[in-house]
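The values are calculated or read from the model by the stated rules, or taken from the named source; none is laboratory data. What you see is a predicted model, and the numbers here were worked out from it, not measured in a lab. Reconstructed Cβ throughout: ideal geometry from the backbone, glycine too, with neighbour counts over all protein chains shown.
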């Protein structure tokens, strides 16, 4: 499966989330674990992005970047 070392965690799912995970697993042909890993990876990436954004906002605001649109206009 993977060449890297893995670890195991146990999480509790409410009934609705468990059913949804099973349904998505069945429909996609991927394992429940694979879907959970992907969801966790995405959520952790979002969390890291939000942390970085909070730390960088004072520097951006000092340079006149107050909104996402300001940044978009600068790089477009």
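Among the candidates 32, 53, which residue alone is at pLDDT 95 or above and surrounded by 10 or more Cβ atoms within 10 Å (Cβ to Cβ)?
Sole residue among the options that is at pLDDT 95 or above and surrounded by 10 or more Cβ atoms within 10 Å (Cβ to Cβ): 32.
Only one of (1) within 24 Å of residue 68 (Cα to Cα); (2) not in a helix (DSSP H, G or I) fails for residue 49. Which number is that?
Tallying (1) within 24 Å of residue 68 (Cα to Cα); (2) not in a helix (DSSP H, G or I), residue 49 fails exactly one: (2).
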